[in-house]
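The values are calculated or read from the model by the stated rules, or taken from the named source; none is laboratory data. All figures in this text were calculated on a predicted structure; none of them were measured in a lab. Here the Cβ positions follow ideal geometry from the backbone for every residue, glycine too, while neighbour counts run over all protein chains shown. Ligands, DNA and RNA are stripped out before the accessible areas are found, and what is left, the full protein with its side chains, is counted by its heavy atoms. Shrake-Rupley method; radii C 1.70, N 1.55, O 1.52, S 1.80 Å.
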Amino acid sequence: MTDSDGIAAVETIEQVPAAGVSNGEPVVRAEGIWKVFGPGADKIIGTPDAELSRSDLQRKTGCVIAVRDVSLEIKPGEVFVVMGLSGSGKSTLVRTLIRLIEPTAGNITITGRDVMQADTGQLRELRRHTVSMVFQHFGLLAHRRVIDNVAFGLEIQGMPKAERLARASEVLTLVGLEDAANQFPDQLSGGMQQRVGLARAFAVDPKLMLYDEPFSALDPLIRRDMQDEVCRLQIETGKTMLFITHDLPEALRLGDRIAIMRDGAIVQLGTPEELVGSPADDYVANFVRDIPRTHVLTLRWIMRDPKPGEETGGPELDVTTKVNDAVPMAAATDGPVRAVENGRCVGIVDRLSILQAMADRPEETEPSAPGQGGRPRTPADRSSPAGGSS
Amino acid sequence: MLAAYFLLRGEFDWPTSLTWQELSSRLDSAQGWLLDQRTAEHPNIIFAILDGFRALAEWLVTAFINALEWLTWVGTIAASVLIVLRFGGWRAALIVFGAFVSFALMGLWEESIQTLGLMSAAVLLSLAVGIPLGVLAGRSDRYYRSITPVLDAMQIVPAFAYLMPVVILFSVGPAAAVICTMIYAIPPAVRITALGIRGVTPDSVEAARAFGSTAAQTLFKVQLPLARRQLLLSVNQTIMFALSLVVIAGLIGGRGLGDVVTNGLYSNAALAILAGIAIVIMAIALDRATAAIAERTDPTRQHLTDEGRRRARIMTLATLGAILAIVLVARALGADALYPDEFETSTTVFTATIHDDLLRWIQSALDYVQDPDSFIFGITEPIGNFLLEYFLEPLRLVLVETPWFVVLAGLTGMAFVLSGRRPAITAFLMLAAIGVMGVWAVAMDTASQVLVATALAVAIGIVIGVWAAESPRVERMLRPLLDTLQTLPQLVYIIPFIYLMPVSRIPGVVASVLYAIPVVIRLVTSGVRNVSPAAVEAASAFGASRMQVLLKVKIPLARESIMLGVNQGIIMVLAVVVIGGLVGSGALGDMVARGLQRNEFGEGVVASLAILALGIALDRVTQGQRRVQPR
Ligand SMILES: Nc1ncnc2c1ncn2[C@@H]1O[C@H](COP(=O)(O)OP(=O)(O)OP(=O)(O)O)[C@@H](O)[C@H]1O
Ligand SMILES: [Mg+2]
């Protein structure tokens, strides 16, 4: 897709340090987004009222702060997950990014173009070609066949019929629905309907895909299937994705980085490992409590420096191996296992540390703020700027 | 109030010092001025517009009638039946066919065609205004909020009340009929269209926006197709409203079946009844046909694939081809424009209708019900007299003879208790206006009829409604009956009772009861049904009997719906009671009827305004607290 001609390119943004995902300037860069619902919304930000609790604010001004000073950057090819309880502002946040909901304040840049300055036409171009969205309740058009639903975005762009149907059936094949092309949404199961939603979003070949709890309405088995589907599509197409969920396993499965929201603000932003290994506060700790840590943590989080004179032979495992996957090898050798990175030994893992990691429940390790000492060495290239929560 | 009645009976009529005596003569001269303006050589711009509109409406009516006549009667039947068959299915087509056959056999073909023409023109113009406004109101909250009170107000006004002003502006004729119909039919068109657009799932609309749709793309690719069924239902309702009024419009120069009825009421009872039956048949056929088309062309249920779409297109072409062929053949064979009264062959002449037989039968039925010795008469006569003697007359006397300030204060107080402060103020102002216009006593007569009829309608409606809520079987049996009753034009309700209970105010009252009952039943049923099961369960758990549950839990909890039933019922009753003025129920309706029939414009307009004021007052008294909540 050619991007619109009309949108003014913003000055080249300073290079972000190489991320785990890919280099290059961020696809999305949002700074200080606020969304206040209610009368006189724009007068709240920056006043002491903004610090009031939700119910106090509502009583005093009739306003609700749905998104509170959120900043984030999403890198090319990254799957960025936003998580939080119901009502924490996730849907509102994702909608403000393409101004489906007008943000009350903030700066947003998508693929280098300033969204807040865009006029209606430019905004439409952005939505047509650069960003597409998958919805919790699918948002399919009941009066159109599946294939016409998939072609909807292309139709809106003004693509000729034959061309857009060809493209749509291509995408339908990609999501495994080529046989359903002629059916209608209400003839499909929920899972299939959401595949149509996925296909519709993919059809316009966007740079960025937004998912608003796409699988919450599906039952667990199908949800897993669909997660696999998204993983596969992401690997095949390398799309940048912003994924909203309130399901932690889903977040951990899909996310390169995860932001946890509460009351409209991001309380922690980091890799799955960082969230599980060192939750920023009780809220986050509560979230990750039931997650088996060994499934998320890698050797990097439990390794220690070799003691002087310790044997440096023994089996090797890559430092990014999940603790859980290291168990068989650790069990098979008497000595410690060496964690290697780029062929260089960076630490030692022994049975004791594995057992400790298994026994170690987050509520027992005292929660530590990000960036504080007292936690395992954090891999330099993974330590994120923690977005706007700073 | 009663105490005041007995103590001060008849002592305080509305004082003449508080009356605007010259109002009606002022209006008369205003009317004369209007007439001069309209016929002036160089009418000013407003009258030029009014006249232009009148010409357009008249032209449209004529065009529709001419088109139907060009098709010939054979072609008219073929076209209607085949089109309904194509889009609405064979059931609806059969009903439509049956309807045309009955018009033909009744010998009322020409009148039916005229009514259809009048109605089509009115519907077309109403939709041309109503649908765009409805779409606007569907898309903009602000506009919706601002237009809702206007629509509410318009629906309070009885159709009968604006015949008079419209006649003054447009003079008697089909145009006036079309305009009246538009005033009556546009509000439901707007409302249902707006509800349809609003009913489209916000998810679909949001998705369209997220993919970069323009406003027009969202409207035409998403909102309109998804609201298609609702839009067609709004067409259906517009047609039913239009038909209802087109029939009354017989009074102001709309020709057709309505004309036959309104004239026949005085001169030829059997003919009036026959035309009434034709109207009922037309209403049912139009309703079924449009409802079936709305259902069956809904793109969200039709599931048209490419193949299906092609076949549908072929079917449509085939239908059009068949219609054209039939029309051409019929014209070639010399079919008449209208269904003829007799067919001639080379040797004999057949009578083509059973018009005369029908009239004879109806007349004998009329003779039977009006024969003092007949069984029916033995039932209807006492009922009518009983109502008159024990309800209507006493209440009228109370309202008329109680000092006016006591009635005024009483009704205002009721409005305050039931509905709140602002409704009470409105009610007070409206009632005072009635007094100032010098029609206090007449209006109180109308009010007494309305109150009696409403009480009856609500009592019967609650009993049947509760019964239907308790027993699904009863509800299933009632539903088609209620559906049919709700599609009938208002005037039609009155016709049978003119002959069944021919005592002064009774026909209007009984007819209005019948007219209002279906709505009351519906509201009560849904109200009782929607009482939270938890409350019912709790009561049953405490060992309440079914009757106790009903009386102590369900009915009290359904109070709001019942109150709404009273409110809607009272407005519907008023609409029909004033039409009763045509057939001797006196009061305000009679003033309007006389105004229309004898050109007493001033009086007629005063009565129309009084009806309007009374309608608003009664609505405010009974509206309850419901409008306090934003809708
Ligand atoms: N149009 C609106 N007007 C007023 N308040 C709103 C509006 N939309 C959302 N809110 C409020 O903003 C807050 C955030 O809502 P949002 O829908 O973004 O939550 P969410 O995290 O997506 O929740 P869920 O998981 O239930 O989807 C909620 O408290 C909600 O009440
Ligand atoms: Mg949400």
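Could you give me the residue pairs with C-beta distances under 7 Å whose first residue belongs to the range A:183-212 and is under 15 Å from residue A:149 (Cβ atoms) and open to solvent by less than 10 Å² (accessible area, probe 1.4 Å), whose second residue is part of a helix (DSSP H, G or I) and among the aromatic types (Phe, Trp, Tyr) wherever it lies, and which are 6+ apart or on separate chains?
Close Cβ pairs (under 7 Å, with a partner that is part of a helix (DSSP H, G or I) and among the aromatic types (Phe, Trp, Tyr)) amount to A:200/A:152.
Looking at the range A:99-155 only, could you name the residues that are touching a Gly at 6+ places or on another chain (Cβ under 6 Å) and either of a type in the set (Val, Ile, Thr) or within 16 Å of ligand 2 (Cβ to nearest atom) (or both)?
Within the range A:99-155, A:134, A:138 meet the criteria.
Within the group B:196, B:212, which residue is within 14 Å of chain A (Cβ to nearest Cβ), within 25 Å of the chain's Cα centre (by Cα) and at pLDDT 85 or above?
Checking each option against the conditions leaves just B:196.
Only one residue in A:92, A:130 is within 16 Å of ligand 1 (Cβ to nearest atom), among the polar types (S, T, N, Q), closer than 18 Å to residue A:243 by Cβ and buried (at least 18 other Cβ atoms within 10 Å of the Cβ). Which one?
Just one listed residue meets the conditions, A:92.
Would you check if residue A:70 is open to solvent by less than 20 Å² (accessible area, probe 1.4 Å), away from chain B (no Cβ under 14 Å) and within 16 Å of ligand 2 (Cβ to nearest atom)?
yes
Scan A:165, A:126 and give me the residue that is closer than 28 Å to residue A:26 by Cβ, among the hydrophobic types (A, V, I, L, M, F, W, C) and out of contact with any strand residue (DSSP E or B) (no Cβ under 6 Å at 6 or more places or on another chain).
A:126
Condition test on residue A:208, is it away from ligand 1 (no atom under 16 Å from the Cβ), within 19 Å of residue A:71 (Cα to Cα) and within 14 Å of another protein chain (Cβ to nearest Cβ)?
Here the answer is yes, as residue A:208 does meet what is asked.
Going by what's in this entry, would residue A:237 be described as buried (at least 18 other Cβ atoms within 10 Å of the Cβ) and away from ligand 2 (no atom under 16 Å from the Cβ)?
Considered against the rule, which asks whether it is buried (at least 18 other Cβ atoms within 10 Å of the Cβ) and away from ligand 2 (no atom under 16 Å from the Cβ), residue A:237 comes out as no.
Just one of B:189, B:185, B:175 is in contact with a Lys or Arg (Cβ under 6 Å, 6 or more places away or on another chain) and more than 10 Å from every other protein chain (Cβ to nearest Cβ); which is it?
Testing whether each residue is in contact with a Lys or Arg (Cβ under 6 Å, 6 or more places away or on another chain) and more than 10 Å from every other protein chain (Cβ to nearest Cβ) leaves just B:175.
Scan B:510, B:463 and give me the residue that is among the β-branched types (Val, Ile, Thr), open to solvent by 20 Å² or more (accessible area, probe 1.4 Å) and under 20 Å from the mean Cα position of the chain (by Cα).
None of the other options fit; the residue is B:510.
For residue A:59, state whether it is part of a loop (DSSP other than H, G, I, E, B), basic (Lys, Arg) and more than 13 Å from ligand 1 (Cβ to nearest atom).
It is false that residue A:59 is part of a loop (DSSP other than H, G, I, E, B), basic (Lys, Arg) and more than 13 Å from ligand 1 (Cβ to nearest atom).
Which of the residues that make up the range A:30-42 are within 16 Å of ligand 1 (Cβ to nearest atom) and either open to solvent by 40 Å² or more (accessible area, probe 1.4 Å) or closer than 10 Å to residue A:63 by Cβ (or both)?
Hits for the range A:30-42 are A:36, A:37, A:38, A:39, A:40, A:41, A:42.
If only one of B:131, B:95, B:77 is open to solvent by 20 Å² or more (accessible area, probe 1.4 Å), in the same structural domain as residue B:283 (by TED's automatic domain parsing), touching a Lys or Arg at 6+ places or on another chain (Cβ under 8 Å) and part of a helix (DSSP H, G or I), which one is it?
Result of the check over B:131, B:95, B:77: B:95.
Could you please tell me which pairs satisfy a Cβ distance under 9 Å, a separation of 6+ or placement on different chains, a first residue in the range A:274-291 that is closer than 17 Å to residue A:264 by Cα, and a second residue that is among the β-branched types (Val, Ile, Thr) and open to solvent by 20 Å² or more (accessible area, probe 1.4 Å)?
Within 9 Å, the pairs are A:280/A:267; A:281/A:267; A:283/A:267; A:284/A:267.
Does the range A:136-179 hold any residues that are among the aromatic types (Phe, Trp, Tyr) and either away from ligand 1 (no atom under 16 Å from the Cβ) or open to solvent by less than 10 Å² (accessible area, probe 1.4 Å) (or both), and which are they?
Result: A:152, single match.
For the structure I just gave you, tell me whether residue A:142 is farther than 26 Å from residue B:229 by Cβ and at the interface with another protein chain (Cβ under 10 Å from one of its Cβ atoms).
no
Would you pick out the residues in the range B:478-500 that are in a helix (DSSP H, G or I), hydrophobic (A, V, I, L, M, F, W, C) and within 23 Å of residue B:290 (Cα to Cα)?
Of everything in the range B:478-500, those that are in a helix (DSSP H, G or I), hydrophobic (A, V, I, L, M, F, W, C) and within 23 Å of residue B:290 (Cα to Cα) turn out to be B:478, B:481, B:482, B:485, B:491, B:492.
Buried (at least 21 other Cβ atoms within 10 Å of the Cβ) and modelled with pLDDT of 85 or more: is that true of residue B:101 in this structure?
So residue B:101 fails the test.
Scanning the range A:213-232 for residues that are farther than 23 Å from residue A:184 by Cα and surrounded by fewer than 19 Cβ atoms within 10 Å (Cβ to Cβ), which turns out nearest to ligand 1 (Cβ to nearest atom)?
Residue satisfying both the conditions and the ranking: A:220.
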